[in-house]
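The values are calculated or read from the model by the stated rules, or taken from the named source; none is laboratory data. None of the values given here were measured: they were computed from a predicted structure. Cβ atoms come from the backbone with ideal geometry, glycine included; neighbour counts cover every protein chain shown. Heavy atoms of the whole protein, side chains included, go into the accessibility calculation; ligands, DNA and RNA do not. Shrake-Rupley method; radii C 1.70, N 1.55, O 1.52, S 1.80 Å.
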Amino acid sequence: MPSDASGFDLGLLSPVTAGHEGPVSDDAVLAALVAAEAALVEAYGAVGGLDDVPDRGAVLAEARALGAAPMDARELALAGVAGGNPVIPLVKRLRAVAGPAVRPWVHRGATSQDILDTALMIVAKDAVGTVLGRLDVAIDALGRFAREHRDEVAAARTLTQHAVPTTVGLRAATWQRGLRRARARLADARDALPAQLGGAGGTLASFVQILGAERAARLPAAYADATGLAAPDAPWHTTRWPVTELGDALVQTLDALGVLAADVATLSRTEIGELAEGTGGGSSAMPQKQNPARSVLIRSAGMRAPHLGATLHTAAALAVDERPDGAWHAEWPALRELLRLAVGASAHAADLAEGLRADATAVARNLAATRGLIVSERLSIVLGPILGAEKVAEIVRAAGLGADLGLLVHGALEAADATVPEGLDDLLDPAAYTGLAARLVDADPAAAAPDPSRAPAGPLDPAAEAPGPYDPFDDGSRLPEPRETKRGFDPFDELFGDAPRAGEDRP
């Protein structure tokens, strides 16, 4: 006998989603299934299929009332085992409780896949709307944080080690860009979610028989309109792009959230301490700890998401005939879990971004940890032509062993009877080597979009062919001419003259 596990997953083992399951719960799916059935009746009315029915008004009114009929999701789940999906027992239940006028029109001409696919798209659209709203909160909060810390110089890290100076603001702006890109893709996927209507074999033959060819051809669009979904260009029974494209957008969203969470978790380590969540999680045994709980939960979602996306693609690739034998069924829980993770993780990300704090003292302490060597790349570029690459390497090596970098550079320049245009203090100042960090924080994403009203320069216009000054925000259609490098000096050459080491990070 089936066990009574109506409370099987309450989120005890999925804290990232606990309390956020509402949009994708079994009750939400059941409500969408009923809505999909009611919408089919509405669609019949929209194409004139009810025009000859004496009680047309009663049919539509009773269809709208189907959502109020008492339903038991657990009962339908168990009853759906025999047929392989819950629509079969649902239709039986709806016809039992429907009014007499609408009863003959419930599920008329449809197949289980029409209703189930459409219902999942309804659920997905609602859930994604929730995610998009929470992403907006996180994006706005990260933008404020980036502007607030626009000029706060920090150590950039590559392959876990100090590299060159960056800013706290640019790091946040980078997270924001990732989320903004994911949000745009997710919104596009949501807006493209189509209704499903094809009948038993995807030919709409049943609807042609009921309505005639012309009305049947208009029925899918009318059905989509009644459900609030996009009109399908054809039945997509075994063409599962609506599922995989949505799944890909959800995975990308959770990827972007995962990057934010991973950086916050790393930078909030006790020995780094540059960032902290607004409210830290506690420990059952160590009261001094303030765990980055939200980051931890978001990361857990990011780790789970790609495998669920892979399940959707596997199912899509193995969809056979006019209705998949198992691949279709494998999609349902994978898609729902992806939606569930996105709903939960985006909620935690909104809270994380709004409460995020930076510790300026820790940022400055870590920046100074290498005693100025964080500007070594700049020293190589500026001093190489003056002192030679070997001398620069010698200075860096000595400073790495504990000597004062400023004194070493000053002494070398004095011995060479040379100066640097920037001045020695500027040359050694990490804040003077953050490149376009401030500009990248300030950049308006909309500014990068091409202006359709601006005509391109003609092919005979000399200005159209001449490369202008390098613009890092150019779209890449024009590249600056290569700058001539002084012979004998390579600013990106190995500083110490030996062969590259395994795993070494080069500029």
Conditions (1) in a loop (DSSP other than H, G, I, E, B); (2) of a type in the set (S, T, N, Q); (3) open to solvent by 60 Å² or more (accessible area, probe 1.4 Å); number of the one not met by Thr370:
(3)
So Gly273, is it at pLDDT 95 or above, open to solvent by less than 30 Å² (accessible area, probe 1.4 Å) and touching a Lys or Arg at 6+ places or on another chain (Cβ under 9 Å)
yes
With the condition kept exactly as written, say whether any residue in the range 189-199 is at negative phi, of a type in the set (D, E, K, R) and touching a Gly at 6+ places or on another chain (Cβ under 8 Å).
yes
Scan the range 276-310 for residues that are crowded, with 18+ Cβ neighbours inside 10 Å and either modelled with pLDDT under 80 or in a loop (DSSP other than H, G, I, E, B) (or both) and jot them down.
Glu277, Pro292
Taking only the range 69-124 into account, find how many residues are part of a helix (DSSP H, G or I), free of Cβ contacts under 8 Å to residues at least 60 places away in the same chain and charged (D, E, K, R).
5
Counted residues, the range 31-61 - those being out of contact with any helix residue (DSSP H, G or I) (no Cβ under 8 Å at 6 or more places or on another chain) and more than 18 Å from Arg218 (Cβ to Cβ):
5
Here is a list: Ala200, Ala154. Which entry is open to solvent by less than 20 Å² (accessible area, probe 1.4 Å) and either among the aliphatic types (A, V, I, L, M) or part of a helix (DSSP H, G or I) (or both)?
Ala154
In the range 125-161, how many are under 23 Å from Val29 (Cα atoms) and touching a residue at least 12 places away in the same chain (Cβ under 8 Å)?
9
Quick one: how many residues across the range 229-266 are of a type outside the set (Asp, Glu), open to solvent by 10 Å² or more (accessible area, probe 1.4 Å) and under 19 Å from Arg157 (Cα atoms)?
6
What's the total number of residues in the range 356-382 that are within 34 Å of the chain's Cα centre (by Cα) and either polar (S, T, N, Q) or at pLDDT below 95 (or both)?
2
